[in-house]
1. Seen from all sides and averaged, what is the projected area of the convex hull of the Cα atoms in the stretch 1-151, in nm²?
2. What length, rounded to one decimal in nm, is gained on full extension from Thr43 through to Thr78, with 0.36 nm per residue of separation minus their alpha-carbon distance?
3. When Lys and Arg each count +1 and Asp and Glu each count -1, what net charge do the other residues less than 9 Å away from Pro128, Cβ to Cβ, add up to?
4. Below 15 angstrom from the Cβ of Arg147, what's the summed charge of the other residues (Lys, Arg +1; Asp, Glu -1)?
5. Between Ser2 and Arg98, what is the label-to-label distance in nm when each label sits 7 Å out along the Cα-to-Cβ direction?
6. Rank by packing, highest mean first: peptides 50-57, 156-163, with packing defined as the count of other Cβ atoms within 10 Å averaged across residues.
7. Per-residue ellipticity at 222 nm for the chain, helices alone: DSSP H runs ≥ 4 residues times -39500 (n - 2.57), over residue total, nearest 500 deg cm²/dmol?
8. In the stretch 93-137, whose amide N lies under 20 Å from the spot 7 Å out along Cα-to-Cβ of Glu146? List them in ranges.
Amino acid sequence: MSEPIRQKGFVIHPGFLDRAAQVKLVARLREVLAIAPLFTPRTRRGPMSVRMSAAGKYGWISDTRGYRYDTQHPDGMTWPAIPDEVTAIWEAVSDCPRAPECCLVNWYGEGARMGLHRDEDEADLTCPVVSVSLGDEGLFRMGNVERGGRTKSIWLKSGDVVVMGGAARLAHHGVDRIRFGSSTLLPNSGRINLTLRVVT
C-alpha cells in the first residue's frame, strides 16, 4: 500500500486492498447481491448507465419521483447487512466515530459512467463518504463545492480507497469512463464501486 495522495481535499489510498482481500470482498458482495440484486436506477431523464444495489440500513433509490434513501430494495426486501470486510475499511480510513448506515454497490459495465454530483442528502455532513474500487480502472474526476471551475482526474485501480471528508465532503465528483477489461478481478470485466456513508 502506497502513501495517501491528497488532491482538492480528497484522500486517495492507492492499493489499500491487496489481491487476496479484493477476491474475498467480491465473494462477500456476491452474497449481498444474491439477496438484493442489482437494478437500474432511473431519473427524470431516463435510465442511468450504472446498475446499483446496497447493504446496510439504507439504500439509495432513484426513479421518476426523484432520488432518496430508503430502507427497502425496489423489489420490497430489506437491504442485507454491510459485510464485516467493508466495515473494517471504514474503520481504518474514515476517522469517524459513527458506523456506516449505507453501503451503495455500483456496477459499471462497458460504457458506463457517473456524472459530476455531490453527496448532500445525508444529515451528518461531519462524516465522510468512503469509496472502494474493485475491478476495472475508473477515471475519477474531482471538482469543487460549487459546480464548475477547474477539476482534477485520477485513474482509480482495483483496491484503491478514496475518502471524501472535510473540504471534499460536498465537492462534486464523478467517473468519466472505465477502462473495460483492464482488470482480471471480475470474470466478465467491469467495475464495482462501493460507497459508504452515514445517512441520519
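No lab work stands behind these numbers, since they all come straight from the coordinates. Since this is a predicted model, take the numbers as computed values, not measurements. Cβ placement follows ideal geometry from the backbone for every residue including glycine, while neighbour counts extend to all protein chains displayed.
1. Taking the Cα atoms of the stretch 1-151, their convex hull projects to 9.8 nm² on average.
2. Length gained between Thr43 and Thr78: 10.4 nm.
3. Around Pro128, the charge tally is +1.
4. Its environment carries a net charge of +1.
5. 3.2
6. 156-163, 50-57
7. -4500 deg cm²/dmol
8. Within reach of a label on Glu146: 116-120.
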